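Just so you know, all these numbers are worked out from the coordinates, no wet-lab data involved. Remember, predicted model here, so these are calculated numbers, not experimental data. Please note: Cβ atoms are built from the backbone with ideal geometry, for glycine as well, and neighbour counts cover all protein chains shown.
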Amino acid sequence: MKLRFVLFLILPFLSYADCSSNGIWVFPGKSQIQTNSVFVITGYANSQEIIKGFNDKFNIYLFDGIEKVNLVVRETNIGGFSLTQAILKPDGILKPNHSYRIIIENLPEYELIERYDPDGIRTYNPEYTVIDSNDSEPPKYSEPAKIVDKTYNMYGCGPAEYVIFNCPIKDQSEYLIKANVKNLENGTIKSFYVLPFKNQLSIGHGMCSGEFSFNGSSTYEVSFEIMDASGNSTEWTQNPISFSRPTFEDQKK
């Protein structure tokens, strides 16, 4: 079973017959970062409680071997299906030419922080090297976002269903797209930062986890915000895009 680029680098579980019970991933994916970098850490299944406990039960910071820089939670998002993420910002400027590791105190021994680079290569407990540069330019939309496909596939633990959007962005740094999905039947809104792949963004969930679940409703709308690896952001200026959830008829042969 082949993944869509490791399901955008953070959801490798869909390739297995049985779902895993934990996992922690960090963004940015590249090993070199700017002096004003932010970090997004996502926890799967049982690891969600660690994400929710940052700056409390689980102190988190960057460490260069001598000094530590605390990471402060700026936002927490709970996904629709077994995922929780935190957006963290260093409480000081990172030093150029220094290398840092993310330290989570009280982390269980079986938990490892994973990073996936743009080629899908995984690194455990990754190190980041700070370059002498500060990115202050916000990302830009190249063209309006639009729906290009829907997918529905049944696997051992359940369905994987996604609505695929084309959403090309221009930025000098890595970036995430915050999708704000509104259920038009009950008015609830769920938000989560999603990693695009080749200018496309998948909204939905796999058989074991996902940023968004559709919960039986058939009609939704979505808006997007962009945030790059330095925390620069761009608001959504279009009208929300309406869509219906994938169905069995969208199953790929």
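Magnitude of the charge dipole for the chain, about its Cα centre and with charges confined to Cβ atoms of Lys, Arg (+1) and Asp, Glu (-1), is about 500 debye. One chain, two ends: residue 98 and residue 170. Fully extended at 0.36 nm per residue, the span grows by 23.1 nm beyond their Cα-Cα distance. For the residues 243, 165, 192, a GNM of the chain with alpha-carbon springs under 10 Å puts the largest fluctuation on 243.
Entry for region 23-130 at q = 0.09, 0.21 Å⁻¹: log10 I(q)/I(0) = -0.20, -1.18, Debye formula applied to identical alpha-carbon scatterers, no solvent contribution.
Only Cα sites of the chain enter the Debye sum here, all with the same form factor; the resulting log10 I(q)/I(0) across q = 0.11 1/Å is -0.58, listed in q order. Karplus-derived 3J(HN,Hα) values for region 116-130, using 6.51 cos²θ - 1.76 cosθ + 1.60 with θ = phi - 60°, are 10, 7, x, 9, x, 7, 8, 10, 8, 6, x, 10, 10, 10, 8 Hz; glycine and proline are entered as x.
Its alpha carbons give region 124-244 an Rg and a Dmax of 15.9, 49 Å. Calculated mean residue ellipticity at 222 nm for the chain: -500 deg cm²/dmol, from DSSP H runs with n ≥ 4 weighted as -39500 (n - 2.57), summed, divided by the residue count and rounded to 500. To the nearest 0.05, what FRET efficiency results for residue 239 and residue 122 with a Förster distance of 30 Å applied to their C-beta separation? Given R0 = 30 Å and the Cβ-Cβ separation, E is 0.20. Starting from the amide H of residue 184, placed 1.01 Å from N in the peptide plane, find each other amide H under 5 Å away whose residue is 5 or more places distant or on another chain. Sorted by chain and number, the residues that satisfy this are 219, 220, 221.
Phi angles across region 81-88 convert, under the Karplus curve 6.51 cos²θ - 1.76 cosθ + 1.60 with θ = phi - 60°, into 3J(HN,Hα) values of 7, 6, 9, 9, 10, 10, 9, 10 Hz, Gly and Pro given as x.
Counting beta carbons within 10 Å around each of 25, 236 and listing the fewest first gives the order 236, 25.
Build a GNM of the chain with springs between Cα atoms under 10 Å apart, and of 231, 158, 120 the one that fluctuates most is 158. Taking the chain as a Gaussian network, where each spring joins two C-alpha atoms under 10 Å apart, which residue of 110, 175, 193 fluctuates the most? Maximum among the listed residues: 110. For a 4.7 Å threshold on C-beta separation, the list of partnerless cysteines in the chain reads 157, 167.
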